[in-house]
1. Out of Leu87, Leu22, Leu75, any idea which swings most in a Gaussian network model of the chain, alpha carbons joined below 10 Å?
2. Taking the Cα centre of the range 1-75 as origin, sum charge times position over the Cβ atoms of Lys and Arg (+1) and Asp and Glu (-1), and report the length of that vector in debye to the nearest 20.
3. For Met162 and Ile44, compute 0.36 nm times the residue count separating them, minus their Cα-Cα distance, and round to one decimal in nm.
4. What residues of the range 65-80 lie in the reach of a label at Val15, counting those whose backbone N is under 20 Å from a point 7 Å from the Cα along Cα→Cβ?
5. Which of Gln7, Thr161, Cys32 sits closest to the plus end of the dipole of the chain, meaning its Cα is farthest towards the positive end, when Lys and Arg get +1 and Asp and Glu get -1 on the C-beta?
6. Arranged from highest to lowest average of other beta-carbon atoms within 10 Å per residue, in what order do the peptides 10-21, 152-163 appear?
7. Place a label point 7 angstrom from the Cα of Val26 along the Cα-to-Cβ direction, then list the residues of the range 140-157 whose backbone nitrogen is under 16 Å away.
8. Note the listed values (i) 17.9, 58; (ii) 18.1, 64; (iii) 16.7, 50, then indicate which one is Rg and Dmax of the Cα atoms in Å calculated from this particular structure.
Amino acid sequence: MRAWWVQALRATIVVTAVAEILRGDVPYGLFCLVALAFARGSVIVARQIDLRPPVMLELVLLSVLVGDMTLGSSLGLYVSAPGYDKLLHVVTAMLLAGVGAFAMWRHARAVDRARGVFEGALVVLATLGIGALWELSEYTVDRVLGRTTQSAPGMHALSDTMADLGADLVGAVLGVALAASYVAALTRRDPRPAR
């Protein structure tokens, strides 16, 4: 079932890219295709380092791309739906941190509290780093492609960036907390270490 969703999300990004190119925004259409290739490449790398489940990682990445490129930019939700940008940042960070923390803890059925807090903090910081890369890519898209991705309606670009990073922090903490709860539930069900 997940493979069907992956194919549908990939197709949505390709359709978005083609639509942007047909509208005359060739650079943004190409940017959509490069982002799609990056998402696929990330999954290939994840598979090589035995990060499981790579299909889940690809679902998360493709969902973020559809949320940003198709719904946010092409269909205009960034402008027409107040708060859409912040919601997308919270959800994206929550999904990325949740998958990252679960991948780190998947073999550990019992993690001591201090180690778990330290590793959870590392996942939150890594997720914030991804959020910062997102903001840098918005800045680059604005400068190179002449778009206005760095400001939400009624917000100055710097204020929008800081609010986006704050939303990333909230989402990352929620994602790590959800992953920790899930791993704890698995531990209660089967306390033996996973193989």
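Throughout, read-outs are computed from the coordinates displayed, never taken from laboratory work. On a predicted model such as this, the values are computed, not experimentally measured, just so you know. Every residue, glycine as well, gets a Cβ built from its backbone with ideal geometry; the counts of neighbours run over all protein chains shown.
1. Leu22
2. Numbers: 6 positive and 5 negative charges, 47 e Å.
Dipole size: approximately 220 debye.
3. On the way: separation 118, 0.36 × 118 = 42.48 nm, distance 3.20 nm.
Stretched out fully, the Met162 to Ile44 stretch lengthens by 39.3 nm.
4. Answer for this model: 65-78.
5. Gln7
6. Details: 10-21: 17.4, 152-163: 14.5.
Packing order, densest peptide first, comes out as 10-21, 152-163.
7. Correct set: 145-146.
8. Matching entry in (i) 17.9, 58; (ii) 18.1, 64; (iii) 16.7, 50: (i).
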